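A quick write-up on the structure given underneath.
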Amino acid sequence: MTDLSQMRVLIVDDVKINVDILVEALGDDYRISVAMDGESALKIVEQTPPDIILLDIMMPGIDGYEVCERLKSKTATRDIPVVFLTALSDEDNEAKGLALGAVDYITKPFSPAIVKARVKNHLELKQHKDHLENLVAKRTRELLLTQEISMECIGTLAEFRDPDTGGHIKRTQYYIKTLADQLKILPQFKEILNEETIDRIYKCAPLHDIGKVAIPDAILHKPGKLTKEEFDVMKTHTTHGYKVLLSGIKRLDTGAYLKCAAEIALTHHEKWDGSGYPQGLSGDNIPVEGRLMAIADVYDALVSKRVYKPPFPHSQAMAYILKGRGQHFDPDMVDVFKQHAEVFRAIAIEFADHHDEIKTLQC
């Protein structure tokens, strides 16, 4: 934690003798700044935020109450402790200051010993509070990173069952983010897609095919076309994935992330016209997560080498997506895909699994 002697104390008082007393009392222990009015105090805080403010109430121009109110209204300054300096002893005045967010009152005339003790106590409290907040923030970042890595690792385990698709997770993540970042500005999506939602979908995308762990190798790795019976089995990867993730929700009650992942796993093979699976959902009844993954997943399958096919050129994959507008895919999403198709191509090249894919995409 920061050495107390390095902490900054801002003294705000329009009476020089009061300032002199406070500087004399605190100058040897802290780094001191002085303002003789409220406007000057606010400028100092903006330029060099102090660790505590000793603030006179009755000043020319804006008074201490207004200075405090302005400080507490801004995220950058609301946590700076404010101690009012006042000759007022009325309980209503004290209550007003505390209601505005001040942490304490020091009444005039000042007792240097009391001033030193109060300032030291509040700086130590702030120091411990800041340390705790930094610790919580660090732990939160670690938890979120662990969660993100765990989802990616679990998703990768599913992809390991198909060795030709190592980059599939990374590519589909970036395809989805590209689409969502552009869609969020459209009126029909601005209430659905915000930065938090997009980040959640991006992080949950690796789990879209987790249900494939339940599909027999003979079907998953079959080099030729699947029979109807085999395809029916393959389609169950959506419900298997959903059930696995749903069980996690019930056990952990983690809310948004696993729910998002479960929606993607269940609905990424639904089609806009209702001809998809497993539920035959159509239009806006398909969650936005599933609609995003539908385009990302199909485009990637087309431009990637598979055990049953060579990689298709970008132009052919693009034509297929455009043909599916309003049938397989959300028409608004297809329009955005068309506008940013070259970004998709670049992502596919950057995270390609095979040289053949890069060569084909560059044609």
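The values are calculated or read from the model by the stated rules, or taken from the named source; none is laboratory data. On a predicted model such as this, the values are computed, not experimentally measured, just so you know. Cβ coordinates were reconstructed from backbone atoms using ideal geometry, including for glycine residues, and neighbour counts include every protein chain displayed.
General observations
- Residue that is farthest from the chain's Cα centre (by Cα), among those in the range 349-363 that are part of a helix (DSSP H, G or I) and under 14 Å from Gln316 (Cα atoms): Thr360
- The number of residues in the range 23-64 that are assigned to a helix (DSSP H, G or I), closer than 19 Å to Ile80 by Cα and of a type outside the set (Gly, Ala, Ser) comes to 8.
- Pairs are defined by a Cβ separation below 6 Å, a sequence spacing of at least 6 or placement on different chains, a first member in the range 21-38 that is without any contact (Cβ under 8 Å) to a residue 40 or more places away in the chain, and a second member that is assigned to a helix (DSSP H, G or I); the pairs so defined are Ile32/Val23; Ser33/Ile44; Val34/Val19; Ala35/Ala41; Ala35/Ile44; Gly38/Val67.
- Note on the range 196-300: enclosed helices (runs of 4 or more DSSP H) holding 3 or more residues that are within 21 Å of Pro331 (Cα to Cα) are 256-267.
- One residue from Ala35, Ala76 being loosely packed, with under 11 Cβ neighbours inside 10 Å and either more than 24 Å from Lys16 (Cα to Cα) or touching a Leu at 6+ places or on another chain (Cβ under 8 Å) (or both): Ala76
- Positions within the range 79-92 being surrounded by fewer than 17 Cβ atoms within 10 Å (Cβ to Cβ) and outside any loop (DSSP other than H, G, I, E, B), in sequence order: Glu91, Asp92
- Within the range 263-300, considering residues that are in contact with a strand residue (DSSP E or B) (Cβ under 9 Å, 6 or more places away or on another chain) and of a type outside the set (Lys, Arg), the one nearest to His221 (Cα to Cα): Val298
- Only listed residue being surrounded by fewer than 22 Cβ atoms within 10 Å (Cβ to Cβ) and either closer than 14 Å to Leu207 by Cα or among the β-branched types (Val, Ile, Thr) (or both), chosen from Val307, Val303: Val307
- Residue within the range 244-251 that is of a type in the set (A, V, I, L, M) and under 25 Å from Phe312 (Cα atoms) present: no
- Only one of the listed residues (Lys222, Lys212, Lys184, Lys228) is more than 15 Å from Asp297 (Cα to Cα) and modelled with pLDDT under 90. That residue is Lys222.
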